[in-house]
Amino acid sequence: MKRRLLSEKRTELLFFIPLFILCLFLAYQINFSGRPDRVEINSDKADYYVYLPATFIYGWDINKFPPGIMDKTHAFVLDYKTNKLIDKTTCGVAILWAPFFLITHFIAVQWNLQPDGFSEIYQHMTVLPEVFYLILALLFLRRFLRFYVSRRLSYITIILLFAGTNLYFYSIDDGMMSHLNSFFLFSVYLYLLKKFLINEKKSYGYFCIISFVVAFAILIRPTNILILSWMLFLDVRSFKDLSSRIRLFLNLMYILTFLLILFVVFLPQLFYWRYLSGHFVYYSYPGENFANWKNPRVLSAWFAPLNGAFLYIPLLLFFVAGFIIMIRNKITNGIFIGLFFLLISYIFPSWHSWYFGGSFGYRSFVEYYALFALPFAYSLGFLGNLKNLYVRSILIFLILASSYYTMRLTYYQRWNTSSTWAWDDYLRYLDEVGIYNYPGNSYTFITDFDNADNTDLFRTRKCFHSPTQGGIVTKNIEYNVIFKRSLHILLKKPVQRVRASIWVNPGNKIKTGILLTILIENWEHKCYFFKAIKVDDFLKIPDKWAEVTGSIEIPEWIDQSNNFVFQVWNPARSDNVYIDDVKLRFE
């Protein structure tokens with residue numbers, strides 16, 4: 001036994017040390033090769049990170065921050081009226097990254113390398129902790145899997161999990177986001193929980209460490225509180241086992257210990273909320289909530305061209321196959337993990353921005369790959385035991401093809417600014433990356449206003465034609481752009497005709513004075529072509545949705561490099577007119 005353990009640890013060293021070096025190289029190449037001055041600390045990543053320079057460099061005095069840093073990062077807010085740093089994210093990621101930041105800052109100070117927390121040396125530092133926590137996560141996950149599957153299968157599982165899913169993107173490219181950091185803690189948690197459960201004499205020290213890991217995961221992302229359920233259901237085989245497990249963890253000593261550790265871990269965040277709002281508990285996401293509880297976008301989260309999980313990460317289908325195999329063969333954890341997958345597939349698409357903005361695949365699932373690795377390992381084991389060589393070869397090919405597909409999309413990753421079911425945009429994307437030859441004879445743009453990135457219209461949940469949002473025209477804004485793109489990128493031949501359709505609800509009136517306008521303009525906004533469609537010609541009844549349609553022929557003399565602009569013009573400044581389900585077809 002001792003010799004086998006030494007052999008496993010030696011194999012781990014031989015596997016994970018080269019993997020660390022490789023991932024470090026890849027992370028640097030992707031983020032900084034040919035662009036050493038790239039601003040990696042930006043957007044949400046800057047929100048997670050800013051606690052570090054604020055604490056260790058500027059003493060929370062926002063007047064000391066570098067000039068123009070908000071414009072550089074496009075994230076947190078420096079409120080000079082109140083002298084406060086406003087950050088909606090929690091500080092968990094920053095705490096995990098603190099050792100790397102402090103070492104980097106020490107070097108920057110000693111060598112006078114612009115020690116301001118945002119200069120080039122800090123930007124380059126970001127690749128190190130993201131790779132470090134990735135490797136640790138895969139190490140602990142492999143050790144957890146080893147309790148259930150063979151050594152070889154545990155390595156194959158983590159390799160495919162890393163290379164064949166968006167875990168690669170959210171570790172090598174976007175590791176400053178919360179997902180990799182949660183994935184690391186989830187992997188450690190599963191390993192420690194398993195060790196705790198198999199030990200007949202339950203170790204109080206182990207429980208304290210588990211509580212610390214769980215508390216830290218909740219600090220990083222409050223929805224991570226869902227992993228508490230794993231304590232109750234992991235390896236439970238019957239209702240008797242469940243009853244025993246509940247009695248184990250409802251021990252008063254365990255409950256008080258967990259709450260105390262949770263309080264200690266959350267102390268920095270509580271003090272920040274007190275500094276920001278005057279209260280120790282504060283909801284830092286005003287206007288953002290789970291607005292879709294009654295209409296969760298489950299199918300959209302799974303299959304929509306707008307970040308749908310299975311569409312961008314087809315390897316996840318083998319995770320689902322693993323649930324089914326485990327349940328069919330009555331393997332422990334099959335029902336539990338399958339139901340947990342359905343649970344998060346309901347909860348996360350219930351968020352008001354169900355597609356989670358700029359995302360590669362459905363990023364809210366990434367951290368949960370730690371748990372889903374188990375059914376994935378079983379599906380790979382089932383595949384390895386198949387006697388039909390033909391079927392096994394096809395399935396192996398599909399796994400490798402799925403991994404290649406996702407990896408290729410990863411290297412051409414771009415924010416999806418289309419609508420939920422905009423299939424033409426998705427197929428054009430596949431054409432750009434060389435996976436699919438898109439004919440380009442026609443192009444259809446659609447928007448149901450669920451994607452806040454693809455039009456300038458305000459959103460509303462009060463009145464919509466299709467769930468869960470529509471656009472609203474207000475008296476305060478005269479022009480609302482719905483679509484603006486260069487004609488020549490839409491088709492592989494000149495655009496000759498455009499057909500437009502849009503659903504309008506006038507509210508409690510019948511006359512709005514609103515026009516749908518079609519412009520063709522150059523980059524200097526000089527207009528070469530104009531057509532207006534009177535919305536009122538299609539309205540018959542107040543508070544009733546009506547379809548407004550029209551079509552135009554594009555003159556041959558129009559330069560196809562010009563922009564096609566479709567917008568709502570509100571010269572009468574009508575208020576509370578609702579618009580939804582726009583469709584433009586270019587032929």
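The values are calculated or read from the model by the stated rules, or taken from the named source; none is laboratory data. This one's a predicted model, so the numbers in the text were calculated from it and none came from an experiment. Here the Cβ is made from the backbone with ideal geometry for all residues, glycine too, and neighbour counts use every protein chain on show.
Assorted remarks:
- Top-ranked residue in region 515-547 [being outside any strand (DSSP E or B) and under 37 Å from the mean Cα position of the chain (by Cα); ranked as nearest to F586 (Cα to Cα)]: N522
- Looking at S402, S353, S345, S359, just one residue is surrounded by fewer than 22 Cβ atoms within 10 Å (Cβ to Cβ), assigned by TED's automatic domain parsing to the domain that holds L311, closer than 29 Å to I489 by Cα and within 15 Å of the chain's Cα centre (by Cα), and that residue is S353.
- Residue-level check: of (1) touching a strand residue (DSSP E or B) at 6+ places or on another chain (Cβ under 8 Å); (2) surrounded by fewer than 17 Cβ atoms within 10 Å (Cβ to Cβ), G434 misses just (1).
- For beta carbons closer than 8 Å, sequence separation of 6+ or different chains, a first residue in region 247-269 that is assigned by TED's automatic domain parsing to the domain that holds L197 and under 15 Å from T90 (Cβ atoms) and a second that is among the polar types (S, T, N, Q) and assigned to a helix (DSSP H, G or I), the qualifying pairs are L262/S211.
- Within region 336-392, tally of residues that are polar (S, T, N, Q) and not in a loop (DSSP other than H, G, I, E, B): 4
- From the options K387, K484, K492, residue that is free of Cβ contacts under 8 Å to residues at least 24 places away in the same chain and loosely packed, with under 15 Cβ neighbours inside 10 Å: K387
- Annotation: of all residues in region 415-433 being assigned to a loop (DSSP other than H, G, I, E, B) and aromatic (F, W, Y), the one that is nearest to the chain's Cα centre (by Cα) is W415.
- Test result for N307, on the phi < 0 side of the Ramachandran plot, surrounded by 14 or more Cβ atoms within 10 Å (Cβ to Cβ), assigned to a loop (DSSP other than H, G, I, E, B) and not aliphatic (A, V, I, L, M): no
- Residue, farthest from L409 (Cα to Cα), within region 434-459, restricted to residues that are within 23 Å of the chain's Cα centre (by Cα) and of a type in the set (S, T, N, Q): T455
- Residue match in region 11-28 (condition: modelled with pLDDT of 85 or more and charged (D, E, K, R)): yes
The rows are residues; the columns are (1) in a helix (DSSP H, G or I); (2) β-branched (V, I, T); (3) farther than 19 Å from N31 by Cβ.
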| residue | (1), (2), (3) |
| --- | --- |
| T89 | no, yes, yes |
| Y133 | yes, no, no |
| L136 | yes, no, yes |
| T157 | yes, yes, yes |
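- Scanning region 21-43 for residues that are in a helix (DSSP H, G or I) and crowded, with 18+ Cβ neighbours inside 10 Å yields a total of 4.
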